[in-house]
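A short reminder: the numbers here are calculations on the coordinates, not readings from a lab. Note that the coordinates shown come from a computational prediction; the quantities given were computed from them, not determined experimentally. No Cβ is skipped: glycine too gets one built from the backbone with ideal geometry, and neighbour counts run over all protein chains shown.
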Amino acid sequence: MYRLRYPKVSDQPPINVADYQEEVTMNKSVLFGAMTVAALAAGAAAAGTLDDVKARGKLNCGVTTGLAGFAAPDANGEWKGFDVAVCRAVAAAVLGDATAVEFVPTTGKTRFTALASGEIDMLARNTTWTLSRDVDLKFDFVGVNYYDGQGFMVPKELGVSSAKDLDGATVCIQTGTTTELNLADFFRANNISYEPVPIETNAEGTQQYLAGACDTYTTDASGLASTRATFENPGDHTLLPEIISKEPLGPLVRHGDNEWGDIVRWTLNALITAEELGVSSANVTEMTTSTTNPEIARLLGSEGTLGEMLGLDADWAKRAIETQGNYGEIFAKNIGEDTPIGLARGLNAQWTDGGLLYSPPFR
Amino acid sequence: MSDLHAHSVSFVRTETIPQSAPPMTASGPLRWGRENLFATPANGALTLVALFAIYLILSATVPWILNGVWNAGSLSECREILNGTKGACFAVLADRWDQLIFGYSYPADEYWRPTLAFILMLVAIAPVLFFDLPRKLLIVTALFPFVAFWLIWGGTIWTPIFALVGFVVGYFVYARFVTRSFAIGFFGGIAAALATWWVSGFIVPTLAPEEPFLSSVPSRDLGGYMLNMMLGVTCVSLSLPLGIALALGRQSSMPLIKYLCVIFIEFIRGVPLITLLFVASVMLSYFFPPERTVDLFIRVVIMITMFSSAYIAEVIRGGLAALPKGQFEAADSLGLDYAQAMRLIILPQALKISIPGIVNIAVGLFKDTTLVSVISMFDIIGMIRGPILASTDWAGLYWELFLFACAVFFVVCYGISQYSQWLERRLATDHR
């Protein structure tokens with residue numbers, strides 16, 4: 001009989017995207033950089049991204065393949081989320097239609113090549129702004145739409161209100177990541193001790209934490225929040241106020257087309273400024289005509305020529321705010337305290353409220 | 001004599017004893033159990049341990065499945081309904097059924113199109129699998145790829161029609177010249193088909209209506225289990241002929257062809273499929289301008305086909321090697337040329353030997369189509385890991401979704417394997 005075992009096609013080890021994503025982007029950066037130069041040399045001669053987008057009638061926006069609150073298609077296949085709103089705002093500003101967006105889902109591995117090769121016009125995929133990505137991979141981060149950082153989650157019954165009270169605690173921590181190094185730094189700086197419980201993936205960490213194998217679980221704060229949202233009793237767990245690392249997440253575009261970069265940057269700034277000035281999706285139409293504040297008038301195009309300078313019409317920012325709401329509305333709708341994600345504004349409050357959001361003036 | 005005999009014994013039975021059932025312990029389930037489950041003390045102990053293990057597994061899973069919730073809008077609603085009791089939340093399957101099957105962006109009004117294509121596929125595949133069916137059904141099989149393309153992607157009907165015309169023209173050129181030489185016919189046919197397609201590239205846009213009868217659906221909107229099926233069916237049916245060609249090429253006496261095939265096979269077998277997929281999705285986009293890139297679906301089909309054809313080639317080479325040399329010599333002595341000898345004598349036997357291996361590759365290939373989720377295509381696994389687990393409604397559910405994926409893959413893979421066993425029995429000509 002022919003019962004030989006032939007080599008099976010599926011005999012490769014399973015691959016976990018999340019584990020590899022940081023590593024790959026770093027290791028391949030040189031290669032990508034070199035190839036990007038070639039791609040850019042070819043692309044530089046072509047028309048600007050703005051003209052391409054207008055000619056196409058659609059904005060190609062790179063997003064994640066699914067991250068609760070930040071970007072995911074809902075039951076009707078419609079993309080929703082915090083990053084998605086940025087894409088839609090840009091589409092509203094440039095094309096006058098917030099639905100004229102082609103969402104291109106990207107994984108941690110494909111996101112940078114998709115942008116460098118011109119497959120997408122901008123990437124809004126909770127990507128951390130780092131020097132090597134900005135410089136070596138030849139991208140331009142246009143701003144920060146979410147200040148993330150490493151945080152701690154503890155059960156409420158532990159009665160801990162600050163990470164500095166965690167002396168002697170057992171900590172679930174993903175091995176081989178920057179979070180592990182950040183954790184060691186934080187505990188040494190505060191001269192307290194901890195016992196690490198090494199885990200491999202977020203799912204494993206969740207299991208271990210719920211099973212009581214560790215007192216606290218640490219990873220990016222937004223990740224902790226969305227993990228907590230899936231618990232059977234999320235109210236029994238709390239996130240500690242300390243954030244021990246910097247993870248500024250923001251949209252990015254290719255190097256070399258500064259006009260397009262300006263449009264994305266100032267659309268994001270318009271959303272932030274709108275919140276600062278009290279312009280919201282509800283009152284934007286009324287404000288356009290009745291405002292006495294000159295900056296609001298310039299922002300909404302009833303005064304000055306800011307839109308023209310960007311190569312857009314006067315109503316560009318008004319449309320973005322009208323369709324998506326200001327930064328605060330977007331935050332509250334997708335990841336704010338009333339949503340299952342339940343993130344507090346924290347660092348992402350306006351500078352006037354003690355946060356880090358600070359848009360340059362519209363002048 | 002009979003008198004004597006009658007007096008020598010006291011009793012003679014004149015009729016046979018009526019047959020009675022064997023004792024309880026020597027028949028039926030009891031006997032089967034004694035012989036198979038409790039033959040020796042060690043055997044009996046193992047049986048008890050196994051029964052206990054089965055009990056443990058079933059006692060954990062059966063109530064979980066039977067207590068499952070089918071009607072809920074989100075995981076938290078599920079938990080409310082379960083109210084602390086253990087139970088599965090199958091409501092996610094009902095809520096996201098369309099997404100699991102068709103992906104998240106295939107237009108909902110058009111679901112009948114892939115469904116119809118699937119039904120047609122069953123009709124088209126039947127005469128290939130079961131050769132007792134009327135041969136005329138093969139016409140459906142020949143037309144199916146073009147119809148399915150039109151149904152699933154939509155757009156102008158002229159594209160598949162001209163693709164079909166190209167094949168027909170190629171075939172007629174081949175049939176016209178093959179009597180002179182196989183090579184002239186073969187390459188002439190390919191050239192004629194390519195020329196037809198090149199010309200049709202200019203004609204189709206002028207014929208295409210503004211509003212096609214079936215609205216056009218881009219490849220990016222394909223997803224769910226439909227995508228797995230499409231990749232699996234396309235790649236298996238393409239890689240089989242390619243694999244045969246590679247296996248024959250590897251045995252060719254022409255060094256150029258031989259080494260081309262050897263290098264191709266050894267290279268492809270030497271790299272993991274996932275790297276080929278990354279090349280398809282990431283690297284190739286550097287070499288094409290953004291507006292003129294080759295469709296991602298086609299790129300992935302090419303890579304998976306290349307991969308599995310290299311494996312199938314090696315399996316068929318094993319089948320060829322198993323044939324006695326006498327078969328080749330017999331074909332030569334009958335005066336058959338290479339193509340005839342292969343078609344009439346060698347391949348029918350070699351392929352028959354290779355069936356289990358080919359089926360093994362086909363099953364593996366079908367399951368490997370889930371790897372495309374890593375390059376951000378939303379097949380069934382991509383849908384589960386991406387949009388569904390990232391939705392605020394269903395985040396935190398794993399067992400129900402992945403069990404469902406297991407089940408749909410098991411149905412198809414088990415079907416393929418049962419078919420191959422039937423085929424082996426059907427084709428058995430030896431005496432065993």
TODO: Taking the residues in segment B:320-345 that are of a type in the set (Gly, Ala, Ser), part of a helix (DSSP H, G or I) and free of Cβ contacts under 8 Å to residues at least 40 places away in the same chain as candidates, determine which candidate is nearest to the other protein chains (Cβ to nearest Cβ).
DONE: B:ALA322
Open item on the list: Looking at A:GLU180, A:GLU157, can you tell me which residue is closer than 26 Å to A:ASP236 by Cα, without any contact (Cβ under 8 Å) to a residue 24 or more places away in the chain and outside any loop (DSSP other than H, G, I, E, B)?
Closed with: A:GLU180
Open item on the list: Just to be sure I understand, how many residues within segment B:386-432 are of a type in the set (Phe, Trp, Tyr), part of a helix (DSSP H, G or I) and in contact with a Ser or Thr (Cβ under 9 Å, 6 or more places away or on another chain)?
Closed with: 1
Task: Residue that is nearest to B:ALA163 (Cα to Cα) [pool: residues in segment B:174-201 that are part of a helix (DSSP H, G or I) and either touching a residue at least 60 places away in the same chain (Cβ under 8 Å) or among the basic types (Lys, Arg) (or both)] - done: B:ARG176
- [ ] Would you mind stating whether A:GLY346 is surrounded by 17 or more Cβ atoms within 10 Å (Cβ to Cβ) and either over 16 Å from A:ALA93 (Cβ atoms) or within 14 Å of chain B (Cβ to nearest Cβ) (or both)?
- [x] yes
- [ ] Considering only segment B:306-341, state which residues are surrounded by 18 or more Cβ atoms within 10 Å (Cβ to Cβ), of a type in the set (A, V, I, L, M, F, W, C) and closer than 30 Å to B:VAL233 by Cα.
- [x] B:MET306, B:PHE307, B:ALA310, B:ILE312, B:ALA313, B:VAL315, B:ILE316, B:LEU320, B:ALA341
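Conditions (1) of a type in the set (A, V, I, L, M, F, W, C); (2) surrounded by fewer than 21 Cβ atoms within 10 Å (Cβ to Cβ); (3) touching a helix residue (DSSP H, G or I) at 6+ places or on another chain (Cβ under 8 Å), marked per residue:
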{"site": "A:TYR217", "(1), (2), (3)": "no, no, yes"}
{"site": "A:THR227", "(1), (2), (3)": "no, no, yes"}
{"site": "A:HIS237", "(1), (2), (3)": "no, yes, yes"}
{"site": "A:GLU242", "(1), (2), (3)": "no, yes, yes"}
{"site": "A:VAL253", "(1), (2), (3)": "yes, no, yes"}
{"site": "A:ASP257", "(1), (2), (3)": "no, no, yes"}
- [ ] Filter the helices (runs of 4 or more DSSP H) completely within segment B:1-74 down to those with at least 2 residues that are surrounded by 10 or more Cβ atoms within 10 Å (Cβ to Cβ) and of a type outside the set (Asp, Glu).
- [x] B:28-36, B:41-66
Task: When residues of segment B:225-277 are limited to those that are outside any helix (DSSP H, G or I) and within 14 Å of chain A (Cβ to nearest Cβ), the one nearest to B:PHE402 (Cα to Cα) - done: B:PRO272
- [ ] With a cut-off of at least 2 residues that are facing chain B (nearest Cβ under 8 Å) and either under 22 Å from A:GLY328 (Cβ atoms) or not hydroxyl-bearing (Ser, Thr, Tyr) (or both), name the strands (runs of 3 or more DSSP E) lying wholly within segment A:44-131.
- [x] A:101-106
Task: Among the candidates A:GLY342, A:GLY328, A:GLY304, A:GLY311, residue that is within 25 Å of B:ALA390 (Cβ to Cβ) and part of a loop (DSSP other than H, G, I, E, B) - done: A:GLY342
Task: Residue, nearest to A:ARG111 (Cα to Cα), within segment A:135-151, restricted to residues that are out of contact with any His (no Cβ under 9 Å at 6 or more places or on another chain) and charged (D, E, K, R) - done: A:ASP136
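Quick grid of which residues meet (1) in a loop (DSSP other than H, G, I, E, B); (2) free of Cβ contacts under 8 Å to residues at least 60 places away in the same chain; (3) surrounded by fewer than 18 Cβ atoms within 10 Å (Cβ to Cβ); (4) within 14 Å of chain A (Cβ to nearest Cβ):
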{"position": "B:TYR104", "(1), (2), (3), (4)": "yes, no, no, yes"}
{"position": "B:VAL128", "(1), (2), (3), (4)": "no, yes, yes, no"}
{"position": "B:LEU137", "(1), (2), (3), (4)": "no, yes, yes, no"}
{"position": "B:PRO145", "(1), (2), (3), (4)": "no, yes, no, no"}
{"position": "B:ALA163", "(1), (2), (3), (4)": "no, yes, no, no"}
{"position": "B:GLY166", "(1), (2), (3), (4)": "no, yes, no, no"}
